[in-house]
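What follows is a set of notes on a single structure, which appears directly below.
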Amino acid sequence: MIAHVDGTVAEKFAGALIVDVAGIGYEVTVAAGEYDTAQLGQGIKLYTYHHIREQSQELFGFSSLAAKKLFELLITVQSVGPKAAIAILSLDSAEVVRNAIANADSVYLAKASGVGKKTAEGVVVKLSDKVGMPIIYHQTTPTQTELDTSDEALEALIALGYTLNDATKALDGIDHSLSTSQRVREALRQ
């Protein structure tokens with residue numbers, strides 16, 4: 001199983017990136033946002049899902065563990081394969097998609113290419129209780145609404161099932177100079 005690739009973007013085509021890792025090119029299918037922001041010659045690290053079928057093998061890549069975990073949840077829904085899951089994640093950031101699922105917004109999910117109304121409703125029914133509570137954006141205190149992909153402790157808490165808001169609050173006040181595992185442990189204790 002290939003857990004991640006860390007290399008240089010060598011080529012871009014049809015929603016996929018060729019990531020050169022020590023002279024070996026890995027073709028990784030990514031969501032539209034990842035594809036648009038990737039630059040040729042730029043260093044990139046993608047967490048990957050290795051999909052193996054009888055006739056082929058494919059890698060699907062994500063810039064954050066939270067996006068990968070959401071992808072893995074999406075493909076557990078009947079009639080949602082890896083291509084449909086990537087199409088759903090291409091709608092917006094993983095946190096926005098997760099929030100749409102938590103809010104039971106099947107109309108939003110149905111906007112994804114190749115995802116119909118029934119499939120979107122199936123995603124909402126099966127996953128709305130698994131993705132956590134929706135984040136309410138009309139709070140008076142500042143709330144982090146975008147995932148900081150450079151904070152691995154934040155990503156780890158989200159992968160454990162915390163919402164972005166709860167994970168941010170749990171890490172608030174914990175020394176950033178600690179290792180990722182120490183910061184996660186401290187956050188879990190609180």
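The values are calculated or read from the model by the stated rules, or taken from the named source; none is laboratory data. Everything numeric in this text was worked out from a predicted model, so none of it was measured. FYI the Cβ positions are ideal-geometry reconstructions off the backbone, even for glycines, and counts take in every protein chain you see.
Brief remarks follow.
- Hey, Ser90 polar (S, T, N, Q) and under 21 Å from Ala156 (Cβ atoms) or not: no
- Some residue of the range 49-58 being over 18 Å from Leu164 (Cβ atoms), surrounded by 15 or more Cβ atoms within 10 Å (Cβ to Cβ), over 12 Å from the mean Cα position of the chain (by Cα) and not small (Gly, Ala, Ser): yes
- For the range 1-22, the set of residues classified as among the hydrophobic types (A, V, I, L, M, F, W, C), touching a residue at least 24 places away in the same chain (Cβ under 8 Å) and part of a strand (DSSP E or B) consists of Val5, Val9, Ala10, Leu17, Val19, listed by residue number.
- Selection from the range 84-100 of residues that are among the charged types (D, E, K, R) and closer than 15 Å to Ala120 by Cβ: Asp92, Arg98
- The criterion of at least 2 residues that are in contact with a strand residue (DSSP E or B) (Cβ under 9 Å, 6 or more places away or on another chain) is met by the following helices (runs of 4 or more DSSP H) wholly inside the range 67-116: 82-89.
- Applying the condition of being in a loop (DSSP other than H, G, I, E, B) and farther than 24 Å from Phe62 by Cβ to the range 148-190 and asking which residue is nearest to the chain's Cα centre (by Cα) yields Asp172.
- Looking across the range 161-189, just one residue is modelled with pLDDT under 75 and exposed (fewer than 14 other Cβ atoms within 10 Å of the Cβ), and that is Gly161.
- When Gly33 is tested against (1) surrounded by 21 or more Cβ atoms within 10 Å (Cβ to Cβ); (2) assigned to a helix (DSSP H, G or I), just one condition goes unmet, and that condition is (1).
- Taking residues in the range 151-170 that are closer than 16 Å to Glu72 by Cα, and partners anywhere that are of a type in the set (Lys, Arg), the pairs with Cβ atoms closer than 7 Å and at least 6 places apart or on different chains are Ala159/Lys69.
- Selected residue (only one of Ala16, Ala67 is surrounded by 18 or more Cβ atoms within 10 Å (Cβ to Cβ) and closer than 27 Å to Leu160 by Cβ): Ala67
- Considering residues of the range 72-97 that are over 19 Å from Asp36 (Cα atoms) and in contact with a helix residue (DSSP H, G or I) (Cβ under 6 Å, 6 or more places away or on another chain) only, the residue surrounded by the fewest Cβ atoms within 10 Å (Cβ to Cβ): Ser79
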